[in-house]
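Working notes, beginning with the structure itself.
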Amino acid sequence: MSFAANESVHVRAPGKINVYLGVGGRHDDGYHALATVFQAVSLYEDVIARHADGFSLTVSGVEDPDAVPLDDRNLAMRAAKLLAAAAEYPGGVALEIRKSVPVAGGMGGGSADAAAALVACDALWGTGFPQARLHDLASRLGADVPFALHGGTAVGTGRGDQLNPALARGRFDWVLVMSEQGLSTPVVYGRLDALRDEEGALADDPPLSLDVPIPVLQALRSGDPELLAESLHNDLQAAAVFERPDLAETLRLGIRAGALHGIVSGSGPTVALLCSGPESAQEVQSVLRESGLDPLHVHGPVPGARII
Ligand code: ATP
């Protein structure tokens with residue numbers, strides 16, 4: 001292995017929407033069984049890696065600087081150190097993260113940073129790891145990190161980390177409504193467990209292995225947003241709305257504004273509204289703006305972490 005002398009490497013990685021998210025029972029290790037479809041969308045994190053003796057990190061683009069840790073709790077920092085250990089790289093890196101994906105927004109921003117840091121450090125250091133090796137390191141960092149490397153549209157099973165590409169034709173237009181205040185993923189899963197406990201004996205135990213329903217995959221293959229709108233589903237939505245009742249109103253407003261359907265992305269609180277095309281998305285965006293919201297029009301699928 002030879003260590004190259006690039007001055008700096010700039011990598012861009014996308015945020016994601018969970019077009020479908022089925023949550024099964026909880027394994028003994030605390031993780032829930034998942035069956036999900038991720039779609040990478042055109043809202044990106046930028047990570048710039050520069051040579052340094054030690055490891056350091058700066059973050060810009062966030063309203064609240066305390067929301068993102070700058071130490072080893074940061075997924076990008078952990079990614080860089082994991083790669084350095086695996087490659088036996090003797091130096092360090094100065095990472096600069098420019099965030100656009102909302103923090104704790106259910107769009108996998110931290111996972112995108114980790115994927116971008118892996119790709120950036122691999123190129124900066126000339127590590128030359130094959131994609132499969134980077135994928136393996138990514139899955140050790142977090143369930144959503146392999147997808148941020150991969151991009152496009154993919155099915156995640158197991159804990160969401162067993163990835164298989166899904167065929168998706170064409171482009172889907174989404175209007176995102178983000179929140180200033182994030183939602184903690186563990187809190188939302190905890191709320192789901194509590195809601196399920198309340199249902200108690202009325203409900204069957206959630207399964208420990210589950211699949212994405214066929215109609216979701218057929219809708220993606222068709223490229224028809226109307227079909228996909230019928231298949232959007234998120235088992236975490238009720239729990240996210242319990243924590244943040246205003247999200248129900250945002251979903252209602254979006255559909256009234258002309259979106260085909262809406263969903264809370266992942267553990268929320270970002271709301272993703274699927275539109276029939278770019279013009280409709282612009283229309284939905286302007287109606288929501290009049291209601292005082294700050295919507296953003298994005299499209300998917302887009303590629304995963306890439307050097308630019
Ligand atoms: P999840 O992948 O769990 O759905 P999310 O998309 O809701 O996460 P993120 O912004 O990825 O949320 O991060 C959630 C928490 O992880 C943050 O509140 C923060 O404390 C921590 N964190 C670690 N690394 C990062 C990072 N690079 N960017 C943002 N948050 C990070």
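The values are calculated or read from the model by the stated rules, or taken from the named source; none is laboratory data. Just so we're clear, the structure is a prediction, and the values are computed from it rather than from any experiment. When we count neighbours, we look across all protein chains shown, and the Cβ atoms used for this are built from the backbone with ideal geometry, even at glycine. SASA here: full protein model, heavy atoms, side chains in, ligands and nucleic acids out. Shrake-Rupley method; radii C 1.70, N 1.55, O 1.52, S 1.80 Å.
A few remarks follow.
- Fraction of beta bridges assigned by DSSP in the chain that are antiparallel (%, nearest 5): 85 percent
- Backbone N atoms of segment 14-34 closer than 12 Å to the 7 Å Cα→Cβ label point of Glu199 belong to residues 23-25.
- Using C-alpha pairs below 8 Å separated by at least 6 residues, the relative contact order for the chain is 26 percent.
- Legend: calculated FRET efficiency, Leu227 to Asp64, from the Cβ-Cβ distance at R0 = 45 Å, rounded to 0.05, equals 0.70.
- Of Leu176, Gln282, Leu149, farthest towards positive along the dipole that unit charges on Lys, Arg, Asp, Glu beta carbons give the chain: Leu149
- With eigenvalues of the C-alpha gyration tensor scaled by 5 and rooted, the chain, Å: 32, 22, 19
- Calculated [θ] (222 nm, deg cm²/dmol) that DSSP helices of n ≥ 4 give over the chain, each run adding -39,500 (n - 2.57): -10500 deg cm²/dmol
- Taking the Cα centre of the chain as origin and assigning +1 to Lys and Arg Cβ atoms and -1 to Asp and Glu Cβ atoms, the resulting dipole is close to 760 debye.
- Choice from Tyr31, Tyr44, Tyr20 with maximal GNM fluctuation in the chain (Cα, 10 Å cutoff): Tyr31
- The Cβ shell under 9 Å around Arg50 holds other residues with a net charge of -2, Lys and Arg each +1, Asp and Glu each -1.
- Based on protein heavy atoms only, the chain ends up with 44 Å² per residue of surface accessible to a 1.4 Å probe.
- Loop-resident trypsin sites (Lys or Arg not before Pro) (DSSP state other than H, G, I, E or B) in segment 1-86 with no more than 12 further Cβ atoms inside 10 Å of their Cβ: Arg73.
- For segment 243-296 versus segment 155-213, the gap between their alpha-carbon centres in whole angstrom: 19 Å
- A protection proxy built from the mean count of other Cβ atoms within 10 Å ranks the segments 239-250, 138-149, most packed first, as 138-149, 239-250.
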